[in-house]
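Read the structure below first, then the notes.
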Amino acid sequence: MPEQPAAEQNAPSGSLNISLLILSIVAYNFASYLTIGLPLAVLPGWVHDQLGFSAFWAGVVISLQYVATLLSRPHAGRYADLWGPKKVVVTGLVGCLISGLCILLAALIASPLGSLILLCVGRLILGVGQSFTGTGTSLWGVARVGSLHIGRVISWNGIVTYGAMAIGAPLGVVIFRAGGLLWLSLVIVTICVVGIVCAVPRPAVKASRARPLPFRAVLGKIAGFGAILAMGSAGFGVIATFITLFYQDKGWEGAAFALSLFSGAFVGARLLFPNAINRHGGLRVASVCLAVEAAGLFLVAAAGDPWMAKAGAFLTGAGFSLVFPALGVVAVKVVPQQNQGSALATYTAFMDLSLGVTGPLAGFIMNYADVSRVYLLTGLLVCIAFFCTLRLQRRQASEPVTGDSSG
């Protein structure tokens, strides 16, 4: 089917129509994250118990996907700018499909080493596939509904991401218990095939003909926003990773409920405030959200009762929820349109890097201090992000953004 212009003039009118169109596109990212979530709780045990490898290799199999996602983000953005986002989405889904086929082969062959190698290769390809699909759906959505709704596209993409992970992990365990790794791999392959079949007939949007900026120039323009995102993401990381240890250290029950409150607040804030960024501006929303997130982390650090920790987890989730889209809206507009894919992908990589570093660094700190100190220090880090956002807000007020967001 011939490509058609990335026309904001063809963007739908009406909030419901816009949301439905966005959902029809970010559904491909939901599919890619299902392929991540389904084997997430299964593969470590299968590598350790069935193949007989150590816990180290079980961890390597899972971590390879995140490493590949981080390293391929900028390339995904570059190709989205050059090829157009639809081609990048389909390419990403093909990568997820190949990963599912690697799991299928790993379940069929008799060699434990061969199975491990196939799983590692599949996880690397899955990481690349996810970065392509996630970046492509964001750019495809923006091209279809217009740059005015960038925040809504990013928000919905985040909602389907965490929704797919929340559904995928327990569903994967159920499928594995019913039919083993073979059934699980077949479900993954089916999801990818359906996604590709649905995506291919859809009209594409035209890639920019203008010459893109070099990657170094794009990085320089969005690095400040990425650094703030990285600091804000640390709060997300320490709640998701260490709230269970925090509850154990305190001798409390209910860590799972605290995580549910955290996740519910994260998704709920995005659903309740879909137009906050358009109405108040990205930097203003980000500053408020970072203040709420910092307050939640300080509340966890000072918690003397379980209810304080739960309230803190709730505030942290609600606060961080809009940080990513609020800053992302501003970040992609400081570069020309032909570089917005690279900008969004590079910006996202700051969160990937932060989440990858937060766990080991916080764990190192816990060797020398109690768990509460981790939340205190992370709260202070988020405060730094808050003041950096205020500084950018003042700079934006005195010097209007000069980046070409219209191409």
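The values are calculated or read from the model by the stated rules, or taken from the named source; none is laboratory data. Computed from a predicted model, the values in this text were never measured in an experiment. With ideal geometry, Cβ positions are generated from the backbone for all residues, glycine too; neighbour counts draw on all protein chains shown. The protein model used for the area step is the full one, side chains on, heavy atoms only, and it has no ligands, DNA or RNA in it. Shrake-Rupley method; radii C 1.70, N 1.55, O 1.52, S 1.80 Å.
A search for C-beta distances below 6 Å between a residue of the stretch 99-119 that is closer than 17 Å to L34 by Cα and any residue that is open to solvent by 10 Å² or more (accessible area, probe 1.4 Å) and assigned to a helix (DSSP H, G or I), counting only pairs 6+ apart in sequence or on different chains, returns S99/I125; G100/V189; C102/L118; C102/V121. Regarding the stretch 218-239, can at least one residue be identified that is farther than 24 Å from W156 by Cβ, among the hydroxyl-bearing types (S, T, Y) and open to solvent by less than 60 Å² (accessible area, probe 1.4 Å)? For the stretch 218-239, residues farther than 24 Å from W156 by Cβ, among the hydroxyl-bearing types (S, T, Y) and open to solvent by less than 60 Å² (accessible area, probe 1.4 Å): absent.
For P201, the conditions (1) in a helix (DSSP H, G or I); (2) surrounded by fewer than 20 Cβ atoms within 10 Å (Cβ to Cβ) all hold with the exception of (1).
Of the set (1) open to solvent by 40 Å² or more (accessible area, probe 1.4 Å); (2) at pLDDT 85 or above, all apply to R209 but (2).
Among the residues examined, R152 qualifies as at pLDDT below 85 and within 21 Å of G281 (Cα to Cα). The set of residues in the stretch 174-198 being among the hydroxyl-bearing types (S, T, Y) and either farther than 20 Å from Y33 by Cβ or surrounded by fewer than 20 Cβ atoms within 10 Å (Cβ to Cβ) (or both) consists of T190 alone. Within the stretch 278-322, being among the charged types (D, E, K, R) and closer than 20 Å to S354 by Cα holds for one residue alone: E293.
How many residues are open to solvent by 40 Å² or more (accessible area, probe 1.4 Å) and either at pLDDT below 95 or more than 20 Å from L272 (Cβ to Cβ) (or both) if we restrict to the stretch 293-305? The number of residues fulfilling the criteria is 5. Residues in the stretch 336-387 that are open to solvent by 60 Å² or more (accessible area, probe 1.4 Å) and closer than 24 Å to V218 by Cα: Q337, L353, L355, V357, I384, F387.
Out of the residues in the stretch 41-54 that are surrounded by fewer than 17 Cβ atoms within 10 Å (Cβ to Cβ) and either part of a loop (DSSP other than H, G, I, E, B) or of a type in the set (V, I, T) (or both), state the one that is farthest from the chain's Cα centre (by Cα). Filtering the stretch 41-54 for residues that are surrounded by fewer than 17 Cβ atoms within 10 Å (Cβ to Cβ) and either part of a loop (DSSP other than H, G, I, E, B) or of a type in the set (V, I, T) (or both), the one farthest from the chain's Cα centre (by Cα) comes out as G52.
Candidates are the residues of the stretch 109-120 that are among the hydrophobic types (A, V, I, L, M, F, W, C) and not in a helix (DSSP H, G or I); the one that is surrounded by the fewest Cβ atoms within 10 Å (Cβ to Cβ) is A110.
For the stretch 121-133, the criterion of being of a type in the set (G, A, S), open to solvent by 10 Å² or more (accessible area, probe 1.4 Å) and part of a helix (DSSP H, G or I) is satisfied by no residue at all. Can you find a residue that is basic (K, R), at pLDDT 90 or above and either open to solvent by 20 Å² or more (accessible area, probe 1.4 Å) or in contact with a strand residue (DSSP E or B) (Cβ under 8 Å, 6 or more places away or on another chain) (or both) anywhere in the stretch 80-90? Yes, the stretch 80-90 contains a residue that is basic (K, R), at pLDDT 90 or above and either open to solvent by 20 Å² or more (accessible area, probe 1.4 Å) or in contact with a strand residue (DSSP E or B) (Cβ under 8 Å, 6 or more places away or on another chain) (or both).
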